[in-house]
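Engineer: Below are the structure tokens for one structure; questions will follow.
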Amino acid sequence: MSTVFDEENLIGVAGLAPGLMLAESAGLSEVLAQRLGVNSPSAAVKASCVVAGMLAGADSIDDLDVLRHGGMGRVFCGVRAPSTLGTFPAGVQTQARAAAGRCQR
């Protein structure tokens, strides 16, 4: 037996929207765009997807698929598939930590 959340009108992680609004108001996207020196299309958007997935409880690349269930696509734009996020260079972790430190100041 497995549980599937596929209702198109519901969002499974209620606290995700306020958490991402807080991150945006702190300037996360802008700092990521400035600080990520990764040769990857839409690096800041991908990093934001990883942050959103972590807020939703994802602890692996495969778990980032939580962002694509139910009504998430109606609320959040720019969500990338886990396979796309999994090709993100490993060096981005260090750069993302540095960007997060800049947002906290």
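The values are calculated or read from the model by the stated rules, or taken from the named source; none is laboratory data. Worth saying up front: this structure is predicted, and the values here are computed from it rather than measured. Cβ sites come from the backbone with ideal geometry, for glycine too, and all protein chains shown count toward neighbours. Quick note on the areas: whole protein, heavy atoms, side chains included, nothing else; ligands and nucleic acids left out. Shrake-Rupley method; radii C 1.70, N 1.55, O 1.52, S 1.80 Å.
Engineer: Only residues in region 73-86 that are among the basic types (Lys, Arg) count as the first member; pair them with residues that are at pLDDT 75 or above and surrounded by 12 or more Cβ atoms within 10 Å (Cβ to Cβ), Cβ under 6 angstrom, at least 6 apart or cross-chain, and list the lot.
Structural biologist: Taking only residues 6 or more apart or on different chains, the pairs are Arg80/Lys46; Arg80/Cys49.
Engineer: Shifting gears a bit: Which residue pairs have Cβ atoms closer than 9 Å, lie 6 or more positions apart in sequence or on different chains, and pair a first residue in region 16-35 that is over 11 Å from Ala52 (Cβ atoms) and in contact (Cβ under 8 Å) with a residue 24 or more places away in the chain with a second residue that is open to solvent by 70 Å² or more (accessible area, probe 1.4 Å) and polar (S, T, N, Q)?
Structural biologist: Ala26/Gln104
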